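What follows is one structure encoded as structure tokens, with my remarks underneath.
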Amino acid sequence: MITYPRWLERGIDKEPVLRLLGIGNAGVNIADRIAVRASLPLQTIALNSDQQSLNASVASKKIALGPLTTHGLGAGGDPEMGLEAARESQSELRLAVEGADVIFLCSGLGGGTGSSTVPQLAELARANGSLVVAIVTTPFQFEGRRRTQQAQDALRIIAQHADAVVHFENDRMAEITAARTEAEQTFAACDEILFQSVASLTRLITCSGPMPVALPDLLGVLSSGGGSFLFGNGESDGGNRAHEALEIALRSPLLDRGRLLHESKKVLIHISGPASLTFAEVAAVMQEISRNTSPLALLHLGVSAAKDDSAPLIVTLIGHCGAAEKESKAQPSSTSEPIRKPAETLFVVQPTEEIPTASRQETAPTKQTAQKVKQENLPLEPIDRGRFEKIEPTIVEGEDLDVPTFLRRKIKK
């Protein structure tokens with residue numbers, strides 16, 4: 001059942017209040033990146049138990065979590081300490097979500113502050129009638145099982161309260177940049193994807209144009225639940241901008257490079273561009289997406305035009321894939337090209353493959369009779385020497401060594 005935010009009671013003509021909360025070190029980094037890009041109509045708040053991180057933040061508002069619990073030194077990766085810090089700052093958490101219509105919770109899970117604070121903020125914001133979107137990352141596999149388990153526990157609780165969870169696995173960073181890319185550039189590329197997800201959702205909620213996204217459609221996709229949130233975003237201002245923007249969107253790691261789009265039951269497509277955006281470009285994008293989605297998928301389209309004539313054409317894809325579809329995500333993608341529909345034949349048995357046991361039993365005769373196999377003798381008569389007939393043979397102890405041994409000795413078995 002879809003729960004609609006309370007700001008709809010004031011009428012859809014009212015501009016919603018959008019707020020981004022960056023929690024923990026990773027979340028604060030994203031909040032800073034968005035705060036620098038002031039074009040987004042977002043209020044940004046940084047929340048952290050690490051005072052040094054807060055001091056360096058450029059967010060418009062900063063909240064120190066649990067100053068008496070952590071003494072400004074952070075939770076040290078301990079969720080229990082992070083939970084105590086959050087309880088100490090419970091009144092500040094309530095104020096952080098109060099009065100906001102849409103809450104974006106951005107954080108890295110697996111540590112102490114984010115794993116313990118984001119679930120509480122999601123619950124408080126949902127109870128406050130806000131639309132809650134959690135944008136989180138989970139640890140690298142090499143960070144150990146404990147951090148991974150802490151992240152999964154937090155993610156499970158967050159999903160119970162948030163309207164949507166944009167989940168980005170750090171292990172997929174290898175798909176974003178080249179293998180020898182510097183670490184700082186790799187993390188920056190990851191932050192950019194998280195920023196794009198926030199910016200795209202903000203644009204969807206606040207956009208206006210010839211075909212704005214209907215809020216019930218957006219909430220219907222965000223509330224699909226039961227699986228992974230799928231997201232892709234691409235922009236281009238070149239001569240073939242529609243095709244290029246869609247191709248970039250399909251390469252998103254959150255779409256498993258397009259593979260999961262075919263499994264989504266609901267897909268929202270938003271196309272934004274300058275006043276020069278043509279109907280032919282919109283149609284071309286939708287035709288390509290239709291070829292790469294299930295015939296049963298419900299497609300929602302939104303089109304908006306920017307006032308700036310130099311604005312790029314932006315294609316945003318949002319969907320959900322359920323539990324059955326998530327299993328296919330574990331299979332590595334062998335190509336970075338845009339998706340194609342899966343072949344009609346999923347499994348092909350090669351001629352050299354052994355037939356499975358079950359099949360052999362079904363096709364085997366009910367009664368087998370023993371047959372005596374007759375061994376035929378090969379014709380072992382010497383043959384002529386052909387082109388070597390006039391060459392002197394190699395005779396050793398009376399034997400012509402040019403003749404194969406089995407012929408000289410008349411071996412028949």
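Where a number appears in this text, it was derived from the coordinates with a stated rule and is not lab data. Please read these numbers as outputs of a predicted model, since none were measured by experiment. Quick reminder, even Gly has a Cβ in these numbers, built from the backbone with ideal geometry, and neighbours come from all protein chains shown.
The table that follows gives values for the structure above.
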{"item": "Exposure proxy ranking, count of Cβ atoms within 10 Å, fewest first, for Cys106, Cys207", "result": "Cys207, Cys106"}
{"item": "Packing-based exposure ordering (other Cβ within 10 Å, fewest first) of Ser130, Ser49, Ser310", "result": "Ser310, Ser130, Ser49"}
{"item": "Sites Asp237 and Thr148 - FRET efficiency at Förster radius 45 Å, r taken between beta-carbons, to 0.05", "result": "0.65"}
{"item": "Formal net charge of residues neighbouring Val315 (Cβ-Cβ distance under 11 Å; K, R +1; D, E -1)", "result": "-4"}
{"item": "Alpha-carbon centroids, the range 241-320 and the range 35-72: separation in whole Å", "result": "34 Å"}
{"item": "Ranking of Val403, Val118, Val165 by count of other Cβ atoms within 10 Å, fewest first", "result": "Val403, Val165, Val118"}
{"item": "Spacing of the two label points (7 Å from each Cα toward its C-beta) at Gln287 and Val36, in nm", "result": "4.0 nm"}
